[in-house]
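Colleague: Please read through the structure below; I'll follow up with questions.
The values are calculated or read from the model by the stated rules, or taken from the named source; none is laboratory data. Since we're looking at a predicted model, the values are computed, not measured. Backbone-built Cβ (ideal geometry, glycine too); neighbour counts: all protein chains shown. For accessibility, only protein heavy atoms count, side chains too; no ligands or nucleic acids. Shrake-Rupley method; radii C 1.70, N 1.55, O 1.52, S 1.80 Å.
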Amino acid sequence: LGDIAFERNQADQAIAHYNNALQIRPLYSAAEFGLAKTYHRLKNDKDQAIAHYVKYLEINPKGAAAGMCRDGITKLGGTPPPPPPPPGP
């Protein structure tokens, strides 16, 4: 539901849906990414966007959106955490 609200440019509804998802499943990285992109693209709230991008990376450092999170942090003037090391031999 958060993604649908985001696509409709309904920032407050998207944020509410993502937060509801996180209340049910606190380590739901997709909801953290949804919050980050909503604060970044729809609310223009740099601090909140960076905080949620970082939280996504803490939860899921190798996730599908990890690169986008690092790029988002950089675009907003922050310093992304380093990527996780590759697996050993």
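Colleague: Probe radius 1.4 Å, ligands and nucleic acids ignored: give me the carbon and sulfur share of the accessible area of the chain as a rounded percent.
Modeller: That share works out to 54 percent.
Colleague: A follow-up question, please. Using θ = phi - 60° and the Karplus relation 6.51 cos²θ - 1.76 cosθ + 1.60, list the HN-Hα couplings for segment 29-35 in order, rounded to whole Hz, with x at every Gly or Pro.
Modeller: Per residue, the Karplus-derived 3J(HN,Hα) values read 5, 5, 5, 4, 5, x, 4 Hz.
Colleague: Just tell me the longest site-free run in the chain, where the sites are trypsin sites (Lys or Arg not before Pro) in a DSSP loop having at most 13 other beta-carbon atoms within 10 Å.
Modeller: Here the longest segment lacking exposed loop sites spans 9-61.
Colleague: In degrees between 0 and 90, to the nearest 10, how far off the longest principal axis of the chain does helix 66-75 point, with axes built from Cα atoms?
Modeller: 80 degrees
Colleague: For a quick size check, give me the Cα extents of segment 2-44 along its three principal axes, largest first, whole Å.
Modeller: 24, 15, 12
Colleague: Something else about it: At a Cα cut-off below 20 Å, give the lysines reachable from residue 43, other chains included and same-chain residues fewer than 8 away excluded.
Modeller: In chain and number order, the partners are 55, 75.
Colleague: Show log10 I(q)/I(0) for segment 7-89 at q = 0.10, 0.24 Å⁻¹, two decimals, from a solvent-free Debye sum over equal Cα scatterers.
Modeller: Computed log10 I(q)/I(0) values: -0.23, -1.13.
Colleague: Enter the accessible area per residue of the chain (Å², integer; probe 1.4 Å; all protein chains in place).
Modeller: Value returned for the chain: 62 Å² of accessible area per residue.
Colleague: Taking only Cα atoms, what is the 0 to 90° angle, nearest 10, from helix 11-24's long axis to the longest principal axis of the chain?
Modeller: 60 degrees
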